[in-house]
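The values are calculated or read from the model by the stated rules, or taken from the named source; none is laboratory data. The structure presented is a predicted model; accordingly, all values stated were derived computationally and were not measured. Reconstructed Cβ throughout: ideal geometry from the backbone, glycine too, with neighbour counts over all protein chains shown. For the accessible areas, the whole protein counts, side chains as well, though only heavy atoms, and no ligand, DNA or RNA atoms are used. Shrake-Rupley method; radii C 1.70, N 1.55, O 1.52, S 1.80 Å.
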Amino acid sequence: MKGLWWKVLALLLMLYVVLAGLLIPLKSGIQSVEPMQLTAGQQQTIRVEGYNTHFESGEEIRAWLRLGSPRVEGKEGRDTAILSNSVKVIGVQDLSISFQVPAYLPTSDGAARASLIIDNPKDGAFVLPEAIILKQSEALAGPPSPQGWSSQIENLSASSGITFPFRGLLAETIRNQYFHVSLWFSLMILMLAAAVYAARFLISGRSEFDRRSEALTKVGLAFGMLGLFTGMVWANFTWGKPWSGDVKQNMTAIALLIYLAYFVLRASVASDQQASRIGAAYNIFAFAMLIPLLYIIPRMRASLHPGAGGNPGFGGEDLDSTMRMVFYPGIIGFTLVGLWLAQLSWRTARLKHKIQERLLG
Amino acid sequence: MIGQIITLLGLEVRLEFRQRASLAGVLLFAIGTVYLFSLAFGSVEPRLWNALFWIILLFGAVNGLGRSFSRELTYRYSYYQQLTSPLSLYVAKVLFNTLFLLLIGLLVWGVLSLLFGNPVKDIGLFSLTLFMASLGLSLILTFLALLAGRVNNGPGIVAILAFPVVIPLLLTVVKLGAVALRLIQQTSTNKDLLLLFGVDLLAIGLALLLVPSLWKEA
């Protein structure tokens, strides 16, 4: 069967994305630390709640508090850290860690932010950045000193098994990357294809191109709605509300309205030929509006969305190579499924057209 | 081409002066709305003043420009097709509609000032915003009017098509207006003006591309 292979590929990719995207566990991480503020010069104990961790015995677990580049009298110091002196396992996800914090901080600011690093041979090493604020005790006021801050962070264990990154803010919703973001990527491809077919129709006048353009727009619009809903699910977790009137959400809603108007416009033209011509011109217009609405205006306003309002895009550390192994197939899979749906739609339209012609003689 | 545009623009202006139908209609709508507001609210604070001004301009534009091509697309269609290129007709319409909206905007500004006082602190910025808004609305709505000209229920369709497209423009314009009224402190005014300019440029580019093919067939 000619033309079957890419449909099989689409199915396999979607199956892979759903299974891998939902089943692969997250890497271990630190969910919370209590208390969040420690005073220098004392033996201090903190309670740590982990995520997806398998703590067994305290002996093999090590923990560090690391100050990121402390400043001494205006000069940047070296990274400095202290090692825990005892780790007690309370449960597979709970630890109690004690540190002997030296009397003087190696920074002249009087306080410093410290990251908590935990190394467990079973789960590998993981970090909670800026977990704890260390304060210089007022009773022991004195000059900053690097003494006691020279622990080396070394011999870290690697985690075994395939995992997705753990990000405290996102937690399990990081998997939405494979659905929400892939849907928007494939929507851009489908809508671009629809606009290209619309332009080809305007140039050549072949009605087949218009049928393809309309079918691709239909599927693109459906993907846009799915993209919007998956985005709302994500926003409900990370931003607190499914709809917070963010500029990215508003502009997306407007873009979808513009595409909805495409179908209203087509439906309100009596003659098929006119509907095709007007629809094709409007389709190009709509695509030209889509780009600034989704990618330019949100960048110029304050927004919560990654890649907008000066935020970095979702990439770098958040999108590691394991995620890319699911994310890119996701884009291809969704695009192929979209093309498949569109093809079914335009083939039906072509058959209807043929029947109509035959009936008219 | 330029000669054609000037002739067509002159024709539009003369027809409007002779008939005064659309100008009078939109003006009546605008002044009626302002007057209703003054009856309902008594006094209007600057925030509401700003919103009121731009919303009246938007609805006036949709009402007034939605029927831009009602003459050309009916009985005179084939006559026009022999005489002019579609682009010069479109450009003439855009220029006329921009002037039309500027006039409406200035009159609404005057009436609002008369009834509620004039809260505009930065007159230069406000005028520039009004001009950019008129140009943008005129470019987009004239295009949509041509698109909807051959459709049943044309003006209704223009409203459906226009609102989503015009919202980003209107949001930017309302923000710039608020800056001109000193309601908000804004450092990115240039960015917003650039955005307006970009929308206008986009509309011009699309019109150049699409108007000829929209016009071609009856």
| So which residues in segment B:23-44 are touching a Leu at 6+ places or on another chain (Cβ under 8 Å), assigned to a helix (DSSP H, G or I) and surrounded by 18 or more Cβ atoms within 10 Å (Cβ to Cβ)? | B:LEU27, B:ALA30, B:VAL34, B:PHE37
| task | From B:VAL211, B:VAL174, B:VAL179, grab the single residue that is of a type in the set (Val, Ile, Thr), within 9 Å of chain A (Cβ to nearest Cβ) and part of a helix (DSSP H, G or I). | result | B:VAL211
| Of the residues A:LEU256, A:LEU226, A:LEU265, which is at the interface with another protein chain (Cβ under 8 Å from one of its Cβ atoms), out of contact with any Lys or Arg (no Cβ under 9 Å at 6 or more places or on another chain) and more than 21 Å from B:ILE204 (Cβ to Cβ)? | A:LEU265
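Among residues belonging to segment B:183-196 that are touching a residue at least 60 places away in the same chain (Cβ under 8 Å) and farther than 10 Å from B:ARG47 by Cα, point out the one that is nearest to the chain's Cα centre (by Cα).
This residue is B:LEU196.
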| What number of residues within segment A:285-328 are part of a helix (DSSP H, G or I), within 14 Å of chain B (Cβ to nearest Cβ) and at pLDDT 80 or above? | 14
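Can we say B:ILE160 is in a helix (DSSP H, G or I), within 30 Å of A:LEU265 (Cα to Cα) and without any contact (Cβ under 8 Å) to a residue 24 or more places away in the chain?
On the way: in a helix (DSSP H, G or I): yes; within 30 Å of A:LEU265 (Cα to Cα): yes; without any contact (Cβ under 8 Å) to a residue 24 or more places away in the chain: yes.
When the stated conditions are applied, B:ILE160 passes them.
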| In this structure, is A:GLU154 among the charged types (D, E, K, R) and open to solvent by 30 Å² or more (accessible area, probe 1.4 Å)? | yes
| task | Out of the residues in segment A:60-82 that are surrounded by fewer than 15 Cβ atoms within 10 Å (Cβ to Cβ) and touching a strand residue (DSSP E or B) at 6+ places or on another chain (Cβ under 8 Å), state the one that is modelled with the highest pLDDT. | result | A:GLU60
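Taking the residues in segment B:197-218 that are under 30 Å from B:PRO119 (Cα atoms) and touching a residue at least 12 places away in the same chain (Cβ under 8 Å) as candidates, determine which candidate is surrounded by the most Cβ atoms within 10 Å (Cβ to Cβ). Let's see the steps before the verdict.
Of all residues in segment B:197-218, those under 30 Å from B:PRO119 (Cα atoms) come to B:197-200.
If we keep only those that are touching a residue at least 12 places away in the same chain (Cβ under 8 Å) too, we end up with B:197, B:199-200.
Details: B:PHE197: 13, B:VAL199: 24, B:ASP200: 19.
Only one residue tops the list, namely B:VAL199.
Yes or no: A:ALA275 over 23 Å from the mean Cα position of the chain (by Cα), part of a loop (DSSP other than H, G, I, E, B) and either surrounded by fewer than 19 Cβ atoms within 10 Å (Cβ to Cβ) or in the same structural domain as A:HIS353 (by TED's automatic domain parsing) (or both)?
Numbers: over 23 Å from the mean Cα position of the chain (by Cα): yes; part of a loop (DSSP other than H, G, I, E, B): no; either surrounded by fewer than 19 Cβ atoms within 10 Å (Cβ to Cβ) or in the same structural domain as A:HIS353 (by TED's automatic domain parsing) (or both): yes.
Judged against the criteria, A:ALA275 is not a match.
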| remark: When restricted to B:ARG20, B:ARG47, B:ARG71, B:ARG67, the only residue open to solvent by 20 Å² or more (accessible area, probe 1.4 Å), of a type outside the set (S, T, N, Q) and on the phi > 0 side of the Ramachandran plot is B:ARG20
| Would you pick out the residues in segment A:97-112 that are hydroxyl-bearing (Ser, Thr, Tyr) and open to solvent by 20 Å² or more (accessible area, probe 1.4 Å)? | A:TYR104, A:SER108
| task | Kindly indicate whether A:TYR282 is assigned to a helix (DSSP H, G or I), surrounded by 22 or more Cβ atoms within 10 Å (Cβ to Cβ), within 13 Å of chain B (Cβ to nearest Cβ) and in contact with a Ser or Thr (Cβ under 8 Å, 6 or more places away or on another chain). | result | no
